[in-house]
1. When segment 53-68 is examined, which residues are found to be farther than 30 Å from MET101 by Cβ and surrounded by 15 or more Cβ atoms within 10 Å (Cβ to Cβ)?
2. I'd like the residue in segment 128-140 that is among the charged types (D, E, K, R) and more than 17 Å from the chain's Cα centre (by Cα) and, out of all such residues, is modelled with the highest pLDDT.
3. Which condition from (1) surrounded by 14 or more Cβ atoms within 10 Å (Cβ to Cβ); (2) in contact with a Pro (Cβ under 6 Å, 6 or more places away or on another chain); (3) over 13 Å from VAL133 (Cβ atoms) is the one that ARG17 breaks?
4. Say whether the condition of being part of a loop (DSSP other than H, G, I, E, B) and over 18 Å from CYS43 (Cβ atoms) is met by at least one residue in segment 119-141.
5. Being surrounded by 14 or more Cβ atoms within 10 Å (Cβ to Cβ), at pLDDT below 95 and not in a strand (DSSP E or B) is the filter here, so list the residues in segment 20-52 that pass it.
6. Across segment 86-106, what is the number of residues that are polar (S, T, N, Q) and without any contact (Cβ under 8 Å) to a residue 12 or more places away in the chain?
7. Within segment 50-61, count every residue that is of a type outside the set (Ser, Thr, Tyr), over 17 Å from ALA145 (Cβ atoms) and touching a residue at least 12 places away in the same chain (Cβ under 8 Å).
8. Can you tell me which of ARG30, ARG44, ARG91 is within 13 Å of THR132 (Cβ to Cβ), under 16 Å from the mean Cα position of the chain (by Cα) and not aromatic (Phe, Trp, Tyr)?
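The values are calculated or read from the model by the stated rules, or taken from the named source; none is laboratory data. Everything numeric in this text was worked out from a predicted model, so none of it was measured. Cβ atoms come from the backbone with ideal geometry, glycine included; neighbour counts cover every protein chain shown.
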Amino acid sequence: MPMNTDQLKVAPSLKLRAPNGAPVEINDVRAEFDTAGGRLWVCRLIFTVSPKNWGRIDSHGWLHMPEEVRGPSFADGFDDDAPVEITARLRADALEPLAAMDTTDKWDLAAELLEPEHATDVHLVDSWEGLTVTQQRGDVKAGFATQASGLL
């Protein structure tokens, strides 16, 4: 069954919630939806965070990215003055309510991601699994991938 991938810009900013309830602002939020056979199979978010919010995500291992699941990183670490881009996949338990919807329309799915008190917990950092973390360095994006990305 062929997979169809749709991407769209969802919002200029969105707030995820940390396990303690604190907000984690994400910016330039885009979504990718992989659909096939009239069903949603994968939902990814691509977004940027401030260096400060990256520090919080990193130090707490949010987005299921503790050190032991990361591949090699570039040598200099992340610049404190530039945004950090993260690609994360919605975990299977949080995806199921979206996949059960009677639609694969990217606009309908994106609207569900914007609901502030959504029953699927799509706004919890623990509902997402980090795949890649990068930062623009001149002409190159540098960073790392996680085991969940399938790149390692």
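1. Residues satisfying the conditions are TRP54, ARG56, ASP58, HIS60.
2. The residue in question is ASP139.
3. Of everything listed in (1) surrounded by 14 or more Cβ atoms within 10 Å (Cβ to Cβ); (2) in contact with a Pro (Cβ under 6 Å, 6 or more places away or on another chain); (3) over 13 Å from VAL133 (Cβ atoms), ARG17 misses just condition (2).
4. Checked against the condition, which is being part of a loop (DSSP other than H, G, I, E, B) and over 18 Å from CYS43 (Cβ atoms), segment 119-141 yields at least one hit.
5. Scanning segment 20-52 gives a single hit, PRO51.
6. So the count comes out to 1.
7. Adding up the residues that qualify gives 4.
8. It is ARG44.
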